[in-house]
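Note sheet for the following structure.
The values are calculated or read from the model by the stated rules, or taken from the named source; none is laboratory data. None of the values given here were measured: they were computed from a predicted structure. Virtual Cβ from ideal backbone geometry, glycine too; neighbours counted across all protein chains shown. Note: accessible area is taken over every heavy atom of the protein model, side chains too, but ligands, DNA and RNA are not part of it. Shrake-Rupley method; radii C 1.70, N 1.55, O 1.52, S 1.80 Å.
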Amino acid sequence: MMSLRRRLSRGLLSVLSIIFVIHWIAADSVIRTVAEKQMSNRLADDGNSLIETLTSLDDDQVGFNGLRISSVYTRPLSGHYYVVKIDAQVYPSPSLENYSLNVTPIGPDQYSVYHLEGPEQRPLLVLGLGLIKFGHRINISVAEDLSAVDHDITSIRLAYFELTLIIFVSAILLQRGDVKRSLLPLVKIGNEL
């Protein structure tokens, strides 16, 4: 009888373990994806603000006024950067200081979200926008440092792991008690024989 209980317990434990591992991997991926989606939405807003600073000049050129964008882009190494490229002319954000971001060129009416290494080897999330405005090809790349977000995500992952572990251990204990209780009539029959 003990052998049957052990086999049932092991089988149920295996199934629970697999389910919780799959659940953990899926939840972990969702946490990262949601955080980066929120960041890319913010970067898109900043990119649109940069587009609004573009003006047509008398000499068939495009003017760019970086002073009309948030002050976070003027503080050196703030973790918030942009690169505006109008034809061959490049306008990096003052926050980059002398660092050159190796941004990916984006075609007109396209956008791309990707990762890049930034100043001080910090990971960046970059949103690249491509457009034609006033007859000129324009690429705008807006980037944000992922270090602080990675720290927050790690804290959320740890808290979620602890919660998942508590639920997992509780489920195992409940399952063991349920198997024992379910097999009790068989134990009684075995004792009578």
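Below, the figures for the structure above:
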item: Hits in segment 122-171 - residues which are free of Cβ contacts under 8 Å to residues at least 60 places away in the same chain, open to solvent by less than 50 Å² (accessible area, probe 1.4 Å) and of a type in the set (Asp, Glu); result: Asp150
item: Test result for Tyr114, under 18 Å from the mean Cα position of the chain (by Cα) and either surrounded by 15 or more Cβ atoms within 10 Å (Cβ to Cβ) or not in a helix (DSSP H, G or I) (or both); result: yes
item: Exclusive hit being over 30 Å from Ser155 (Cα atoms) and either at pLDDT 90 or above or of a type in the set (Lys, Arg) (or both), set Ser56, Ser95, Ser3, Ser49; result: Ser49
item: Breaking point among (1) of a type in the set (D, E, K, R); (2) in contact with a helix residue (DSSP H, G or I) (Cβ under 9 Å, 6 or more places away or on another chain); (3) under 28 Å from Asp28 (Cβ atoms), for Glu117; result: (2)
item: Subset of segment 62-89 [open to solvent by 70 Å² or more (accessible area, probe 1.4 Å) and without any contact (Cβ under 8 Å) to a residue 12 or more places away in the chain]; result: Leu67, Ser71, Ala88, Gln89
item: Residue satisfying all of: in segment 55-106; in contact with a Lys or Arg (Cβ under 9 Å, 6 or more places away or on another chain) and among the small types (Gly, Ala, Ser); nearest to Met39 (Cα to Cα) among these; result: Gly79
